[in-house]
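One structure below.
Read-outs: derived from the displayed coordinates by stated rules, not from any lab. It should be emphasised that the depicted structure is a prediction, and the values quoted were computed from it without experimental measurement. Note that each Cβ is placed from the backbone with ideal geometry, even for glycine, and that neighbours are counted across all protein chains shown.
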Amino acid sequence: MAREPATPALSSGRLTIDLGAVARNWQGLDAICTNAKVAAVVKADAYGLGMTKVAQSLYAVGARFFFVATLQEGVDLRAVLPGAHIFVLNGLWPGTPALYTEQRLMPVLSSMPMLEEWLRYCLSIGSAFPSAIQFDTGMNRLGFRIKDAEWVRQQITNAGYKPQLIMSHLACADDPAHEKNRTQLALFQSLLTHFPNVAASLANSGGTMLSKNYHFSLTRPGIALYGGAAVSGRKNPMARAVSLLVPILQVRDAQTGETVGYGATQTLTRKSKIAILSCGYADGLMRHLSGSNRRSGGKVFVRGQFAPILGRISMDTVAVDVTDLDEAVPRPGEFVEILGANITIDDIGAMAGSISYEILTSLTGRYDRRYINAPPAVADTEHEAAALSLSAQ
Ligand SMILES: *Cc1c(COP(=O)(O)O)cnc(C)c1O
């Protein structure tokens, strides 16, 4: 990588987000969901990539359904996309139905208190505001139990209410061989018999790739849009959306027997050249990527080769071993790859004992963020609310 001395980034890392890749990934999933609509999950600031830019790009290529986690995220997304259909996964926060309806946000109702408060509000206003109802089919996270289906059906029937979506969430969609996928699918199908003519949604990214049986009316991919491998043990078909380059601050010579970093966990067994990078755990470089004599840590890519992390990762810096680089010793100001063509978000997730999701959502540090390849923006006139048209299967 070329040396870039007086960088305008003022010695912080450079995080590049390829909005064209995110948009292509959505289009790729849209192409395989021939009978279902494809939503986009943009919670947690679009997995750390930046909700505003990501959502605008996805809207530009045709996405109209979006999922966020919190009410605040819903309010923020509404300000950006006046015409989108927005579901709030964490449901109805007590005392806030009016805020949802003013903002045209749809809560994912997951408990009796949530459903009762929503129906009471709809009756008081005399309007059946749209929502989704979530059932738990085997994850013990949010959602009604299956045995409550009849109670839910009675409540909505008594209120003259019809939800926009019945949904559930898969626990093991990243593992196609896992029996739980079939069990959850069967439970979901039996659940839907209580709610004929209501649209349904089950699949996250992994579920979308499992088979068409999991698609129903609406799929809900997140990680696949951002380039992560949604299904383990298969070639990842998605385009890479993120790269992270960080600069070298100093290259130092160190002697056999000396130690590197806090806790002196790594003793050098040879004369070494160590590059100190301007990136630490405060920038999302998880401390679990630290190296020691007992356990090798993560690695970075510099001058065409991998260089292992030495010792504990500090808040603002990390040491890497560049002794074995074939080419000339790298120089201060030169950028090395933490994430990119040679190290994927899944690679670093595995090295960190974590997952691509947590790697992405941790990239909140002091980066010079650049967005590239954004699709042409949608004209203001096309931001009018499109009809909420989801068909039951
Ligand atoms: C986060 C989330 C998704 C998206 O999951 P991915 O694995 O990132 O595709 C879909 N549905 C629900 C309920 C979620 O919480």
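³J(HN,Hα) across region 226-241 via Karplus (A = 6.51, B = -1.76, C = 1.60, θ = phi - 60°), whole Hz, x for Gly/Pro?
Once rounded to whole Hz, the list reads 9, x, x, 7, 7, 10, 7, x, 10, 5, 7, x, 8, 7, 5, 10.
Hey, fewest Cβ within 10 Å first, where do MET114, MET315 land in order?
Least to most surrounded, the residues fall as MET315, MET114.
Based solely on C-alpha atoms, express the radius of gyration and the Dmax of region 265-329 in angstrom.
11.3, 31
Which loop-located trypsin sites (Lys or Arg not before Pro) does region 60-149 contain, where loop means any DSSP state but H, G, I, E or B and the Cβ has at most 12 other Cβ atoms within 10 Å?
Qualifying residues, ordered by number: ARG141.
Any chance you could get the radius of gyration and Dmax over the Cα atoms of region 118-172, in Å?
Cα only, region 118-172: 12.4, 41 Å (Rg, Dmax).
Dipole size in debye (nearest 20) for the chain around its Cα centre, Lys and Arg Cβ +1, Asp and Glu Cβ -1?
In total the dipole reaches around 480 debye.
So for the chain: antiparallel DSSP bridges make up what percent, rounded to the nearest 5?
50
Taking the Cβ of each residue in VAL42, VAL251 as the centre, tally the other Cβ atoms inside 10 Å and list the residues starting with the fewest. Could the numbers behind the result be given before it?
Values: VAL42 30, VAL251 16.
Going from least to most buried by this count: VAL251, VAL42.
How big is Rg to Rh over the chain, alpha-carbon atoms, Rh as the Kirkwood inverse-mean-distance radius?
1.05
Can you give the Rg/Rh ratio of region 86-142, where Rg is from the C-alpha atoms and Rh is the Kirkwood radius?
Working: Rg = 11.1 Å, Rh = 11.4 Å.
The Rg/Rh ratio comes out at 0.97.
Add +1 for every Lys or Arg and -1 for every Asp or Glu among the other residues with Cβ under 12 Å from the Cβ of MET139, and state the total.
So the surrounding residues net to +2.
Can I get the semi-axes of region 146-260's equivalent ellipsoid? Compute them from the C-alpha gyration tensor as square roots of 5 times the eigenvalues, in angstrom, largest first.
Over the Cα atoms of region 146-260, the ellipsoid semi-axes are 46, 16, 15 Å.
Sum up the charges of everything whose Cβ sits under 11 Å from the Cβ of HIS169, counting Lys and Arg as +1 and Asp and Glu as -1, but leave HIS169 out. Provide the component values of the computation, followed by the final result.
On the way: positive: ARG141, ARG220; negative: ASP136.
Once positives and negatives cancel, what remains is +1.
Across region 239-370, what fraction of all alpha-carbon pairs, as a whole percent, falls in each successive 5 Å bin from zero upward?
2, 11, 22, 26, 21, 12, 5, 1, 0
When the scattering of region 40-157 is computed by the Debye formula from its Cα atoms alone, each counted once and equally, what is log10 I(q)/I(0) at q = 0.18 Å⁻¹?
For the requested q values the scattering log ratios are -0.92.
Express the Stokes-Einstein translational diffusion coefficient of region 173-323 in µm² s⁻¹, to the nearest whole number, given a Kirkwood radius over alpha-carbon pairs, 37 °C and a viscosity of 0.692 mPa s.
174
Tell me, what is the Rg over Rh of region 260-299, with Rh the Kirkwood radius over Cα pairs?
We get a ratio of 0.95 for region 260-299.
How about region 333-370: which GluC sites (Glu not before Pro) there are in a DSSP loop, with at most 16 other Cβ atoms within 10 Å of their Cβ?
Loop-located and lightly packed - none at all.
So for region 1-90, what are the equivalent ellipsoid semi-axes in whole Å, largest first, each being the square root of 5 times an eigenvalue of the Cα gyration tensor?
Computed over region 1-90, the values are 29, 18, 10 Å.
Taking a virtual spin label 7 Å from the Cα of GLN305 along the C-beta vector, which residues in region 249-291 bring their backbone nitrogen under 19 Å of it?
249-256, 268-277, by backbone N distance to the label point.
So which trypsin sites (Lys or Arg not before Pro) in region 288-393 end up in coil per DSSP with only 13 or fewer other C-beta atoms within 10 Å?
In loop regions of region 288-393 (DSSP not H, G, I, E or B), the sparsely surrounded trypsin sites (Lys or Arg not before Pro) are ARG294, ARG295.
Just to confirm a number: summing +1 for Lys and Arg and -1 for Asp and Glu over residues other than MET112 whose beta-carbon lies under 11 angstrom from that of MET112, what do you get?
-2
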